[in-house]
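Accompanying notes for the structure given below.
The values are calculated or read from the model by the stated rules, or taken from the named source; none is laboratory data. Only a predicted model underlies this, so the values are computations on that prediction, with no experimental measurement involved. Positions of Cβ are generated from backbone atoms using ideal geometry, with glycine treated the same way; all protein chains shown enter the neighbour counts. Protein only, heavy atoms only, side chains kept; ligands, DNA and RNA dropped before computing areas. Shrake-Rupley method; radii C 1.70, N 1.55, O 1.52, S 1.80 Å.
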Amino acid sequence: MKKLLPLFLAVLLAAPLARAAEAYQIAVIPKGTTHEFWKSINAGAIKAQRELATQGIAVNVLWKGGLKEDDREAQIQVVENFIGRHVNAIVLAPLDKKGLVAPVETAVRGKIPVIVIDSGLESKAQSSFIATDNRE
């Protein structure tokens with residue numbers, strides 16, 4: 001998950017084009033922000049942002065998540081806030097495979113692609129799903 005440049009490139013291909021003078025706004029919403037795993041995701045997102053900048057692609061990573069990995073309502077609110085801000089794309093690690101379905105489907109209806117990472121979602125609305133196989 002630390003190598004997020006390919007993910008960001010896929011997101012940008014699915015995202016509505018930003019005007020030439022504007023940067024893409026990509027919201028990255030982890031399950032939490034205090035665990036080392038999520039900190040590594042943030043570091044990877046920032047690295048991808050910098051690598052894209054060297055290619056002349058302006059991206060702003062909007063990192064927002066709860067402190068704890070059990071506050072589903074807070075995560076739903078974060079997703080809804082980013083939808084309201086009309087970001088170009090959302091990368092989401094959903095806390096609840098059912099509870100985040102409605103916000104994700106709302107984003108997609110609003111032409112905001114959603115890439116789900118780490119844990120699945122009981123919906124086919126997302127543009128893509130990326131995770132490790134923890135059993136393998």
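For segment 26-136, compute Rh as the Kirkwood radius over C-alpha pairs and then the Stokes-Einstein diffusion coefficient at 10 °C and 1.306 mPa s; write the answer in µm²/s, rounded to an integer.
The calculation lands on 112 µm²/s.
Of all accessible surface on segment 48-107 at a 1.4 Å probe, what whole percent is carbon and sulfur?
Using a 1.4 Å probe with all protein chains present, segment 48-107 comes out at 47 percent carbon and sulfur.
So for each of 22-28, 75-81 I average, over its residues, the number of other beta carbons within 10 Å; can you give me the resulting order with the highest mean first? Walk me through the intermediate numbers first.
Numbers: 22-28: 21.3, 75-81: 18.7.
By packing density, highest mean first, the sequence is 22-28, 75-81.
If I take R0 = 22 Å and measure r between the Cβ atoms of SER128 and ILE57 in this structure, what FRET efficiency does the formula 1/(1 + (r/R0)^6) give, to the nearest 0.05? Could the numbers behind the result be given before it?
Values: r = 19 Å, r/R0 = 0.86.
Once the sixth-power term is evaluated, E becomes 0.70.
For segment 12-135, what does the relative contact order come out to in percent, with C-alpha contacts under 8 Å and a separation of six or more? Kindly include the intermediate steps, with their values, before the conclusion.
Values: 210 pairs, mean separation 32.2, N = 124.
Averaging sequence separation for qualifying contacts and normalising by length gives 26 percent for segment 12-135.
Filter LYS39/LYS98; LYS31/LYS68; LYS31/LYS111; LYS31/LYS97; LYS31/LYS98 down to the pairs with a C-alpha to C-alpha distance above 18 Å, please.
The pairs that break the limit, which is 18 Å between Cα atoms, are LYS39/LYS98; LYS31/LYS111.
Which is farthest toward the positive dipole end of segment 81-136 among SER127, PRO113, GLY84, measuring Cα position about the Cα centre, with Cβ charges +1 (Lys, Arg) and -1 (Asp, Glu)?
GLY84
Using the Karplus equation 6.51 cos²θ - 1.76 cosθ + 1.60 (θ = phi - 60°), what ³J(HN,Hα) coupling, rounded to whole Hz, does each residue of segment 72-78 give in order, writing x for Gly and Pro?
For segment 72-78, the Karplus-derived couplings read 4, 4, 5, 5, 4, 4, 4 Hz, x marking Gly and Pro.
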